[in-house]
Amino acid sequence: MDIDRKHVLIACAITGAVLGVVLAVLQAVGPFATSDLHGMPTGASRSTGFMLAMAPLLAAWGFTIHLRCSDALIARYLKANAALCVAWLLIVTLKYPTGNDHLVSIMWYLYYVPMLLTSTFSLFSAMRASALDRIPATSYAKRAVLAIDAALIALVLTNNLHHVVFRFSFDDPLWSGSYTYGPGYWLVLGWIITQIVLFFACSFAAARRQLRSAFVPMALIVGVLGTYTVLYILRFLIGSNLALVYSILLISCLEIALDLGILPSYYWRESMFSALPFNLRILSRTGEVALHTAQFRPSESDDALHSMFLQSNLPRRSISSFRTTAVPHTLFRGYNVTGGSALLAEDVTAIDDRRETLEQQQDSLRAHNELLKHRHAIDSVLYRTQQERALVDEIEQTLAAKTRRIDELLSDLPRGSDPQSLAKRRERLTEVKLLIAYCKRKGGLVLAGKSDPAFNRERLQLVFNETAADLRTLGIDCAALVDVKRVLPASTVSVLYDCLYDFAAAAFAASNLILMLFVSDKTEAGEGEGEGSGDGRRRVVEMRAALEAGGSSQSKGYTRSLEELRRVLERRNVRFALDITPDGATLAVQVSEDEGVA
């Protein structure tokens, strides 16, 4: 609000206050001929014309509140104030012509019904404007205020029974001017003042910072009202029309609050609706545009759009969202309102552009993903082929070496039939049998790589059990336990075969043999870049073997076999620990599932 508008409002408030004071003085001591009641001048009789003119003005003001107050609840409060003021003027007009003292006193007491309720409704309006009604305790506070009003009104209306508010006697002909105030009167007056103070406190909280200077004219009017009240109580203005002065000052104060925006107000609902920052239109039941905002722009496709929206039969208390190709980049939302429908148009050009960009990125990512899948499939086939080729080459080399060893053992068999020759021949044939079993297992890996290259726990347990059975037929007490939770590739199983058979081969040079085998898998943290799985951990298979032997465990064949096993393991990319003792040997080998064969 600019400075000129402030000056105008302050000037209007001062003028209204001065007019109110002048009116009160004229009513009290004016030179016009006045009627009297029991010798007392009546301000009501001198201001009847003013009241007759003021009543339609108050009614018109209440009608304008219905048109321009945007909050329905505040509008009801303010219209109730206007109606109470009109009723008060009517009571004053009809009071003295009745001629009955008891009826006059009751109508006099009725003054305090509008006095109390107008201050209450004004307070409720300020509470609503300051959003205090959103607090749950506010509803209880309103009930308490209304309860106090009801109690005070009952106290005043029953004054003829107890005279706690006004003290007088009907035996006195001048009772209407010679009364005194009781404690009930001061209680009523204090409660009205309290509500006025609360009204200003709530209004000040509801006003924006730039509007708080507008309380100057409102405070000026309340100051005039307070001065008038004091003079009236002191009997200086006893002959004035309290209802008329109070109504003028009350309505002036509320009008300033409305005009300054302390209480929500628009001059016309159409202007309020037009000022909304949306592309919004209100449609009648026949599809005609009844109201629209300033952002609404008519187009040729509106008729078809409205027809399509109305034919959708939108349920009550629901929202319908739709789009049409006739109006691109626009999202429509429909709402049911009393007497028709509301149609809101939202510009979603930026959202559509972002969506189109995201779809293009998604298409690009899908194409790239398909390319990566195809590349991964090719790499997987190449990797398996390389693994199979490396496994086959490794098996061929190993089988060639074992075959040469078998030829050497068979060509060097003793020919004699003496016990020593027979024992030596049996020993060499036993080794040949073990080598043949080894070649069988290694050859089976080639076939497994073509059909089913993965070894699960049951399959691996079966292989080790068969190997243990072969060793027991050769006189070696052997037991094997497999505790593997994942499937193993053939290359890993090949390394386990080599370790198993090379370690068992050393047992033929010893006596009283016991061979124990245990195979398990686990996950370890990776030690370097490129190791293990993608989360920095690698999966390994561990085989532990323990050999207990007696007799000739220090023979050349015993140590030669174990040293040959050590050289084989050193050539492979495995971690191992081999300990050789006079009474046996222990072996611990860890093979990574992700490592290829050497």
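The values are calculated or read from the model by the stated rules, or taken from the named source; none is laboratory data. Worth saying up front: this structure is predicted, and the values here are computed from it rather than measured. We place every Cβ from the backbone using ideal geometry, glycine too, and count neighbours over all the protein chains shown. Accessible surface areas use protein heavy atoms only, side chains included; no ligands, DNA or RNA. Shrake-Rupley method; radii C 1.70, N 1.55, O 1.52, S 1.80 Å.
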In the range 154-185, which residues are within 15 Å of Val113 (Cα to Cα), in contact with a helix residue (DSSP H, G or I) (Cβ under 7 Å, 6 or more places away or on another chain) and assigned to a helix (DSSP H, G or I)? Leu155, Val156, Leu157, Asn159, Gly184
Quickly run through the range 337-370 and pick out the residues that are among the hydroxyl-bearing types (Ser, Thr, Tyr) and assigned to a helix (DSSP H, G or I). Thr349, Thr357, Ser364
The residue that is modelled with the highest pLDDT, considering only those in the range 266-280 that are in contact with a Ser or Thr (Cβ under 7 Å, 6 or more places away or on another chain) and in a loop (DSSP other than H, G, I, E, B), is Phe278
How many residues are assigned to a helix (DSSP H, G or I) and more than 21 Å from Leu513 (Cα to Cα) if we restrict to the range 476-497? 6
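Residues Val446, Val482: which one is open to solvent by less than 60 Å² (accessible area, probe 1.4 Å) and either modelled with pLDDT of 75 or more or in contact with an Asp or Glu (Cβ under 6 Å, 6 or more places away or on another chain) (or both)?
That would be Val482, the only listed residue that is open to solvent by less than 60 Å² (accessible area, probe 1.4 Å) and either modelled with pLDDT of 75 or more or in contact with an Asp or Glu (Cβ under 6 Å, 6 or more places away or on another chain) (or both).
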Whether any residue in the range 143-153 is part of a loop (DSSP other than H, G, I, E, B) and open to solvent by less than 30 Å² (accessible area, probe 1.4 Å) is what I want to check. no
Output the number of residues of the range 499-546 satisfying the condition of being farther than 27 Å from Val487 by Cα and either touching a His at 6+ places or on another chain (Cβ under 8 Å) or at pLDDT 70 or above (or both). 3
Pairs only if they're at least six apart or on different chains, beta carbon under 9 angstrom, first in the range 397-409 and assigned to a helix (DSSP H, G or I), second open to solvent by 60 Å² or more (accessible area, probe 1.4 Å); list them, first residue then second. Lys402/Ile436; Ile406/Ile436; Leu409/Leu429
Single condition Ile192 does not satisfy, out of (1) modelled with pLDDT of 90 or more; (2) open to solvent by less than 30 Å² (accessible area, probe 1.4 Å); (3) over 55 Å from the mean Cα position of the chain (by Cα): (3)
Which condition does Gln386 not pass, out of (1) open to solvent by 60 Å² or more (accessible area, probe 1.4 Å); (2) polar (S, T, N, Q); (3) over 60 Å from the mean Cα position of the chain (by Cα), if it passes all the others? (3)
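I'd like to know if the range 99-113 contains one or more residues that are charged (D, E, K, R) and touching a residue at least 40 places away in the same chain (Cβ under 8 Å). Reasoning before the result, please.
Residues of the range 99-113 charged (D, E, K, R): 101.
Filter once more, keeping what is touching a residue at least 40 places away in the same chain (Cβ under 8 Å): 101.
Looking through the range 99-113, at least one residue is charged (D, E, K, R) and touching a residue at least 40 places away in the same chain (Cβ under 8 Å).
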Which helices (runs of 4 or more DSSP H) sit wholly inside the range 61-140 and have at least 2 residues that are open to solvent by 50 Å² or more (accessible area, probe 1.4 Å) and at negative phi? 72-95, 101-109
Go through (1) over 30 Å from His306 (Cα atoms); (2) in a helix (DSSP H, G or I); (3) not charged (D, E, K, R) one by one and return the number of the condition Ser417 breaks. (2)
Somewhere in the range 133-140, is a residue among the β-branched types (Val, Ile, Thr) and either in contact with a Ser or Thr (Cβ under 6 Å, 6 or more places away or on another chain) or modelled with pLDDT of 90 or more (or both)? no
Between a first residue in the range 271-284 that is closer than 11 Å to His306 by Cα and of a type in the set (Val, Ile, Thr) and a second residue that is at pLDDT below 80 and open to solvent by 30 Å² or more (accessible area, probe 1.4 Å), which pairs have beta carbons less than 6 Å apart while being 6 or more apart in sequence or on different chains? Ile282/Ala290; Ile282/Leu291
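Could you please find all residues in the range 34-60 being at pLDDT 80 or above and open to solvent by 40 Å² or more (accessible area, probe 1.4 Å)?
Of the range 34-60, the ones at pLDDT 80 or above are 54-60.
Of everything in the range 34-60, those that are at pLDDT 80 or above and open to solvent by 40 Å² or more (accessible area, probe 1.4 Å) turn out to be Pro56, Leu57, Ala59, Ala60.
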If you scan the range 217-258, which residues turn out to be modelled with pLDDT under 80 and under 44 Å from the mean Cα position of the chain (by Cα)? Met218
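Looking at the range 132-140, is at least one residue hydrophobic (A, V, I, L, M, F, W, C) and closer than 22 Å to Leu258 by Cβ? Outline the logic, then answer.
From the range 132-140, those hydrophobic (A, V, I, L, M, F, W, C) are 132, 135, 137; that's our starting set.
Checking the rest, the ones that are also closer than 22 Å to Leu258 by Cβ come to 132.
There is at least one residue in the range 132-140 that is hydrophobic (A, V, I, L, M, F, W, C) and closer than 22 Å to Leu258 by Cβ.
Of these, Val86, Val29, Val22, which one is at pLDDT 50 or above and β-branched (Val, Ile, Thr)?
Values: Val29 fails: at pLDDT 50 or above; Val22 fails: at pLDDT 50 or above.
Result: Val86 is the single residue among Val86, Val29, Val22 that is at pLDDT 50 or above and β-branched (Val, Ile, Thr).
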